[in-house]
Amino acid sequence: MTLLYIAASSCITHSGMAAVKARIAVAAGSGPLAIVLDDQAVAGTVEGLGLAQARTFDLSNPDGITGLSPSLPTQLSLARCGLETAAIFAASLEAEFEVLAGPGGAFQCSRAIVAEARELESLSFEEAAELSHFRDTGIDPDLIGPLVRHRARARIRSFDEDQAGGFSAGTLVDAESDSPYGPVKALVRQEAVVMVSVSGACLPGMVGMAARVFASVSQAGVSVLLISQSSSEYAISFCILARDKPATLAAVEKEFATESRALQLDPIAVIDDLAILTLIGDGMRSNKGIAGKCLVQLARADINITMIAQGSSERSLSVVILHSAMERGMRMVYQAFFDSAMPIELCIIGCGNVGSALLQQLATQAERLESHNVSLRIVAISNSRRMVVDARGVDPAAWRDSLATQGQPFNLDTLMALGPDLMNPVLVDCTAGDAIPGAYPDFMLAGFHVITPNKRGNSGPMERYLALKRLAIRHRRRYLYETTVGAGLPVIENLQNLLHAGDQLESFSGILSGSLSFLFGRLDEGASFSEAVREAMGRGFTEPDPRDDLSGKDVARKVLILAREAGLTMELDDIQLDGLVPPDYLALGRDEFVARMHELDDKFGARQKAAAAEGKVLRFVGSIEAGKGRIGLQAVGPEHPLFTVKGGENALAFSTRYYSPVPLLLRGYGAGANVTAAGIFADILRTLNWNREE
């Protein structure tokens, strides 16, 4: 037999009444049905539900229920009472017990913070009792209390207009429960909390001091939410609701007035504006690492923990954090325990050759990423003037239209403000100037990882380079700049791995410019200097202004970054740079320079022929040796590892303690926006550093 309890809250609206009637019809079609209507239901509810002709019975009178049994033919029976009485009856009869409640429901987390939180399929009596103290999960203590007290197995369904039939699938409350999502059932919060700390020389070793603290608080009529005491016994800390702060302080100060006058008690310390996050689940008792996983997630979000407490039942774990960090903390912890998708939220600044190539790759790979459980969203795209911001995601395939129709004036502060509301925010700087690198620290402090092919951040002042690295470590942010040196080649990563393994860089030489590699390869084939430069420009290998490549300054920045990664203290001016083009040509405007490039053809032609006469070729080489950096044009012979490097390739030869006399050689295509964008894409995926249980 089914016992259907109808809470008054489910019948308040016309739509609720209609949903209850529909649920009664479904339940009645499944066998004998006894209906219990909340005795708090308003007048007219019986008639509104079409139960005026139902046979009535009295659950408080044992004689009145003897006729109710599964052997009776299907018919409606109706009683009026509270849930307490109905729970006793359901437990004694072992009936299928269903409770229809008003809007709400039991969820993994408050949907006001995590909209995709799922309704809980089941709860044990103990889990339900724990959760009933936190209304933001939808658990109504007035419903849970009677079920827990009488161990009455029941399914609680909540009214939901968006669900078929008007009610949710419901949560089964039983002696035991299970979950497909792991040992933690729910994540809940308690807001408007303060922490009070009582400390002083009178506390250690003195019996009864804790009892005095909490007796005084109890006499003030204040409920204590959490308690923590250091093993030294020097301090006792506890959390209370903010509204109880004045009464609590007055009571504790009065209790310890004598100790305060004797200077044996420190001034009572209070931390305001706190919140409590609590994980609840029976499975926490038998699973290791729950606390560690929670704390790691909060650390990744750069959230400091003020207090930690766990009950002896090991069914709940609570952490106290600043209220301002509560929503971000809940989203981070929810992601670790309930969401299998790995989030990346991108803010892309710069839509030139590299930025647009990256956006195209992101659009192409979206389906593949989703199949690998990577949830990647682009929340902002900007150029130097305008930006489009949408936390729901900007379509990378239609970013130009979005920027044109939905764009707003570019504002760095607006982009930084996105950080606290995102799970795994990543800034991708595809610009080439100094403005955005100067804002990297602020983005990191706002919670962003930073991915950049922009060399300005790491090739500026040495102190800025070191400060960025320190800040990233301190705030647990990823600062990745692989593409600043070798485009798509894993140059930085390999160098760092060698150094971490105890190796030491002795010397380095390499071709670090794909555009110049292409240029000198074409000179080998007989092209003139101006022809080769124009061809490189046409293929998009050079910067919009080819002087940026031909000056050698770009290569110098790359050599400087490698030198600093190897542990050398060096500034850009310390590197000897012998540029390709005379300074008076570099001083020309872009268009005039392009028009007069042919004037340099004879000079480069003569140098190329002289090198060829010796069986050598010209290569623009960056090197580090004896702690010094040098950039310039060299004639190299067949025995040199850079002799065959051309056509847009990059190649780097590292001589180290381990790789000697034969150097470690990294070689690959390094010209064009696509390879650089692919390297950025790889760095983006390296921010997926979440720890997960198998």
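The values are calculated or read from the model by the stated rules, or taken from the named source; none is laboratory data. Just so it is clear, the structure is predicted and the values come from calculations on it, not from any experiment. Cβ: placed from backbone, ideal geometry, glycine included. Neighbour counts: every protein chain shown. Please note that ligands, DNA and RNA were not included when accessible areas were found on the heavy atoms of the full protein model with its side chains. Shrake-Rupley method; radii C 1.70, N 1.55, O 1.52, S 1.80 Å.
Being free of Cβ contacts under 8 Å to residues at least 40 places away in the same chain, of a type in the set (A, V, I, L, M, F, W, C) and either within 30 Å of S132 (Cα to Cα) or assigned to a strand (DSSP E or B) (or both) is a description that does not apply to A299.
Checking the stated criteria, L376 turns out not to satisfy the condition of being at pLDDT 90 or above and surrounded by fewer than 22 Cβ atoms within 10 Å (Cβ to Cβ). Residues in region 550-579 that are over 39 Å from the mean Cα position of the chain (by Cα) and crowded, with 21+ Cβ neighbours inside 10 Å were compared, and the one that is farthest from R464 (Cα to Cα) is L550. With the requirement that a residue be in contact with a strand residue (DSSP E or B) (Cβ under 9 Å, 6 or more places away or on another chain) and β-branched (V, I, T), what does region 546-565 give you? Selection gives V555, V559.
When region 109-134 is filtered for residues that are in a helix (DSSP H, G or I), among the small types (G, A, S) and open to solvent by 10 Å² or more (accessible area, probe 1.4 Å), only A129 remains. Applying the condition of being open to solvent by 50 Å² or more (accessible area, probe 1.4 Å) and modelled with pLDDT under 95 to region 434-460 and asking which residue is nearest to G329 (Cα to Cα) yields L445.
Here V675 meets the list (1) surrounded by fewer than 18 Cβ atoms within 10 Å (Cβ to Cβ); (2) of a type in the set (V, I, T); (3) closer than 30 Å to S356 by Cα almost entirely, failing just condition (1).
At least 2 residues being over 18 Å from L633 (Cα atoms) and touching a Lys or Arg at 6+ places or on another chain (Cβ under 8 Å) is the threshold, and among the helices (runs of 4 or more DSSP H) wholly inside region 556-619 those reaching it are 590-596. Please tell me if L666 is part of a strand (DSSP E or B), in contact with an Asp or Glu (Cβ under 8 Å, 6 or more places away or on another chain) and surrounded by fewer than 22 Cβ atoms within 10 Å (Cβ to Cβ). Answer is no for this residue. Condition check for L495 on (1) crowded, with 21+ Cβ neighbours inside 10 Å; (2) hydrophobic (A, V, I, L, M, F, W, C); (3) out of contact with any Phe, Trp or Tyr (no Cβ under 8 Å at 6 or more places or on another chain): one failure, at (3).
Between A87, A95, A106, the distinction of being closer than 18 Å to R55 by Cβ, open to solvent by less than 60 Å² (accessible area, probe 1.4 Å), of a type in the set (G, A, S) and in contact with a helix residue (DSSP H, G or I) (Cβ under 9 Å, 6 or more places away or on another chain) belongs to A95 only.
Do we find a residue being over 30 Å from D282 (Cα atoms), touching a strand residue (DSSP E or B) at 6+ places or on another chain (Cβ under 8 Å) and surrounded by fewer than 15 Cβ atoms within 10 Å (Cβ to Cβ) anywhere in region 243-259? Yes, region 243-259 contains a residue that is over 30 Å from D282 (Cα atoms), touching a strand residue (DSSP E or B) at 6+ places or on another chain (Cβ under 8 Å) and surrounded by fewer than 15 Cβ atoms within 10 Å (Cβ to Cβ). The residues in region 1-20 that are within 44 Å of the chain's Cα centre (by Cα) and either open to solvent by 20 Å² or more (accessible area, probe 1.4 Å) or of a type in the set (S, T, Y) (or both) can be counted, and the count is 10.
Answer yes or no: is there a residue in region 228-251 that is over 24 Å from E314 (Cα atoms), in contact with a helix residue (DSSP H, G or I) (Cβ under 7 Å, 6 or more places away or on another chain) and at pLDDT 95 or above. Scanning region 228-251, I find at least one residue that is over 24 Å from E314 (Cα atoms), in contact with a helix residue (DSSP H, G or I) (Cβ under 7 Å, 6 or more places away or on another chain) and at pLDDT 95 or above, so the answer is yes. Scanning region 168-183 for residues that are among the aliphatic types (A, V, I, L, M) and exposed (fewer than 13 other Cβ atoms within 10 Å of the Cβ) yields a single hit, A175. Restricting A325, A291, A336 to those that are surrounded by fewer than 16 Cβ atoms within 10 Å (Cβ to Cβ) and not in a strand (DSSP E or B) reduces the list to A291. Within region 151-167, if we keep just the residues that are part of a loop (DSSP other than H, G, I, E, B) and either of a type in the set (V, I, T) or under 14 Å from V99 (Cβ atoms) (or both), the residue that is least open to solvent (accessible area, probe 1.4 Å) turns out to be A152. Annotation for region 395-406: at least one member residue is hydroxyl-bearing (S, T, Y), open to solvent by 40 Å² or more (accessible area, probe 1.4 Å) and either in contact with a Lys or Arg (Cβ under 7 Å, 6 or more places away or on another chain) or at pLDDT below 95 (or both). Scanning region 379-394 for residues that are open to solvent by 50 Å² or more (accessible area, probe 1.4 Å) and farther than 16 Å from M423 by Cβ returns S384, R385, R386. Screening T431 on (1) surrounded by fewer than 17 Cβ atoms within 10 Å (Cβ to Cβ); (2) of a type in the set (S, T, N, Q); (3) assigned to a loop (DSSP other than H, G, I, E, B) shows it passes everything except condition (1). Counting the residues of region 515-540 that are aliphatic (A, V, I, L, M), buried (at least 19 other Cβ atoms within 10 Å of the Cβ) and either under 49 Å from the mean Cα position of the chain (by Cα) or closer than 13 Å to A671 by Cβ (or both) gives 5. Checked across region 261-270, the condition of being among the basic types (K, R) and without any contact (Cβ under 8 Å) to a residue 24 or more places away in the chain holds for at least one residue. For region 24-59, a tally of residues being within 17 Å of F97 (Cα to Cα) and among the polar types (S, T, N, Q) returns 1. When region 302-319 is filtered for residues that are without any contact (Cβ under 8 Å) to a residue 40 or more places away in the chain, in a loop (DSSP other than H, G, I, E, B) and within 24 Å of D339 (Cα to Cα), the ones remaining, listed by number, are I303, N304, I305, E314.
Please find, among G205, G221, G182, the residue that is on the phi > 0 side of the Ramachandran plot and touching a residue at least 60 places away in the same chain (Cβ under 8 Å). Only one candidate qualifies: G182. Scanning region 442-460 for residues being among the small types (G, A, S), closer than 24 Å to D574 by Cα and assigned to a loop (DSSP other than H, G, I, E, B) gives a total of 1. The set of residues in region 179-218 that are more than 21 Å from P267 (Cβ to Cβ) and among the aromatic types (F, W, Y) contains only Y181.
Of everything in region 461-482, what is part of a helix (DSSP H, G or I), farther than 27 Å from L298 by Cβ and open to solvent by 60 Å² or more (accessible area, probe 1.4 Å)? Give them in sequence order. Within region 461-482, E463, R464, L466 meet the criteria.
Condition check ((1) over 18 Å from F508 (Cβ atoms); (2) at pLDDT 90 or above; (3) part of a strand (DSSP E or B)) across all residues:
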position: S623; (1), (2), (3): no, yes, yes
position: I631; (1), (2), (3): no, yes, yes
position: Q634; (1), (2), (3): no, yes, yes
position: P641; (1), (2), (3): no, no, no
position: L652; (1), (2), (3): no, yes, yes
position: T676; (1), (2), (3): yes, yes, no
position: F681; (1), (2), (3): yes, yes, no
position: N689; (1), (2), (3): yes, no, no
